[in-house]
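One structure below.
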Amino acid sequence: MWYAKMYFSEKKEVFQFDGYGGQGVPSTCRELPFLESLLSFLEMDCGELTLALRRVAENWERLLQEDDREAGTAAMMELGQLKSRHIYLELLYVRCYDRFSRMGAGIRVSKQEDRELLEELRGLPEQLPLYQRQIQRFFDLVLDVDQAGRDPQKQASAYYLYDAPKDPSLFSFRPIPLSFEPVEPGRCSPVLYPLRISDMIDYSLRSCVERGITVRRCKNCGRWFPQTGRVSAEYCERPVAPGQQTCREAGAFQQWTKKQSDDPVFKAYRREYKKRFAWIRAGRITDEQFYAWSEQAREMKKKCDREVITLDEFQDWLAKS
C-alpha cells in the first residue's frame, strides 16, 4: 500500500497521491518544474494557515478521543481546502483520509499510529515556519551559488557531521523511505514514499547536493531558482500566469534592448525608421514606399553590421535614400 509518491525526472518533479492506498491509478498526479515544490513552500505564508491547522488538530483530537464523526468530517473538509494551497499539504489529506476511512469501516489502527498523527497535526503551525528557516539557511550555506559557491557537495560536507548539522539552524537529514523503480517508459528513478512533509523537503535538498545543483535569486523577480542548465544563468523560468513572459524571456529581451540601445548602427537605423514611419501619417509617403525603403534599409544595416560598409557610409545612405 502507498498513499504518496514523489520522484524527479530530468528537469521535472512528479507527485502522485492515492487516498485509497492502492496500487491503481492515483487520485492526484501533478508535474512541476524541478524543485518548484520546495521553492513555492519556502515562499508560502505559513501564518495564513495557522488557524486552519489548529482547527484540524482540535477536530482530529475529538474524533480520536470521542469518536466524533462530525468533528472528523470537519477536519477532512478543512484539509481538503488546505491541500489546494500547496502540494505538500496533499500528503496530510491522504493520510487523514485513509485513517478516517478505516475508522468508518471498523478497521483497527494502532494507538501509536494515532498518537503520532495527532502530534504531527498539533505541531504543524510551528513546524512549517521552522522548515522554511532551515531551508533558507541551507540555501545560504550550501546551495546559493553566489554566496556558497558552485560545489554543494563540498559545502554540505563542511557543515554536517554524519547526518547531524554543525549549525543547529540547518535542516536535519533523516532516513527516508526511498525505492528504485521504473517511472516512465525506459526510465528508472529513485522514488520517495513520503510519510511526512519533512521527507519531501529532505529528498529535494539531498537531491540538489547529489546532483550538484545550485540555486540563485532571479535578477528580475528576486525569487530563487535552480540552476539545472548554465551556472551563469541570471533569470529564472519559474511558472508565471498564463499569457505572461517568464523572467528568462523578459531578461533576454531586456538584454537585447540594452545591447541595441548602445549600438550606433541600430541607433542610426531606428532614428531614420521612426522618421519615415511618421511620414506615412503626414501623407508624405505611402505604405508601399515605406515598406520598400525599410527592406532596403535592413539590408544596408546588415552590411554595416558585417563591416562591408562603414557607419558613415550607412548614415550617408540613410540621409539620401
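The values are calculated or read from the model by the stated rules, or taken from the named source; none is laboratory data. The structure displayed is predicted, hence computed values, not measured ones. Don't worry about glycine lacking a Cβ; one is built from the backbone with ideal geometry, like all the others, and counts go over all protein chains shown.
Those helices (runs of 4 or more DSSP H) of the stretch 39-105 in which 2 or more residues are in contact with a strand residue (DSSP E or B) (Cβ under 7 Å, 6 or more places away or on another chain) occupy 89-104.
Among the residues of the stretch 173-213, just one is touching a helix residue (DSSP H, G or I) at 6+ places or on another chain (Cβ under 8 Å), over 21 Å from residue 151 (Cβ atoms) and polar (S, T, N, Q), namely 198.
The residue pairs whose first member lies in the stretch 17-37 and is under 21 Å from residue 201 (Cβ atoms) and assigned to a helix (DSSP H, G or I), whose second member is among the β-branched types (Val, Ile, Thr) and at pLDDT 90 or above, and whose beta carbons are closer than 7 Å, counting only pairs six or more residues apart or on different chains, are 37/87. When 203, 235 are checked against the criterion of being part of a loop (DSSP other than H, G, I, E, B) and surrounded by 17 or more Cβ atoms within 10 Å (Cβ to Cβ), a single residue qualifies: 235. In the set (1) touching a residue at least 12 places away in the same chain (Cβ under 8 Å); (2) under 27 Å from residue 169 (Cα atoms), residue 126 fails one condition alone, (1).
Quick grid of which residues meet (1) over 17 Å from residue 207 (Cβ atoms); (2) touching a helix residue (DSSP H, G or I) at 6+ places or on another chain (Cβ under 8 Å); (3) outside any loop (DSSP other than H, G, I, E, B):
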residue: 135; (1), (2), (3): no, yes, yes
residue: 142; (1), (2), (3): no, yes, yes
residue: 153; (1), (2), (3): no, yes, yes
residue: 158; (1), (2), (3): yes, no, yes
residue: 168; (1), (2), (3): yes, no, no
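For residue 222, the criteria (1) touching a strand residue (DSSP E or B) at 6+ places or on another chain (Cβ under 8 Å); (2) surrounded by fewer than 18 Cβ atoms within 10 Å (Cβ to Cβ); (3) of a type in the set (Gly, Ala, Ser) hold in every case but one, which is (1). In the stretch 173-200, the residues that are in contact (Cβ under 8 Å) with a residue 24 or more places away in the chain and surrounded by fewer than 19 Cβ atoms within 10 Å (Cβ to Cβ) reach residues that are in a strand (DSSP E or B) and polar (S, T, N, Q) with C-beta atoms within less than 7 angstrom, at least six apart or across chains, in these pairs: 183/9; 183/189; 184/9; 187/9; 189/9; 193/179. Looking only at residues of the stretch 98-109 that are surrounded by fewer than 17 Cβ atoms within 10 Å (Cβ to Cβ) and touching a helix residue (DSSP H, G or I) at 6+ places or on another chain (Cβ under 9 Å), we find that the one that is farthest from residue 156 (Cα to Cα) is 104.
Residue 274 meets the conditions (1) within 20 Å of the chain's Cα centre (by Cα); (2) in a helix (DSSP H, G or I); (3) charged (D, E, K, R); (4) at pLDDT 85 or above in every case but one. The failed one is (1). Taking only pairs six or more apart or across chains, which ones have beta-carbon atoms under 8 Å, a first residue in the stretch 280-294 that is under 18 Å from residue 318 (Cα atoms), and a second residue that is surrounded by fewer than 10 Cβ atoms within 10 Å (Cβ to Cβ) and acidic (Asp, Glu)? From residues that are under 18 Å from residue 318 (Cα atoms), the pairs are 280/287.
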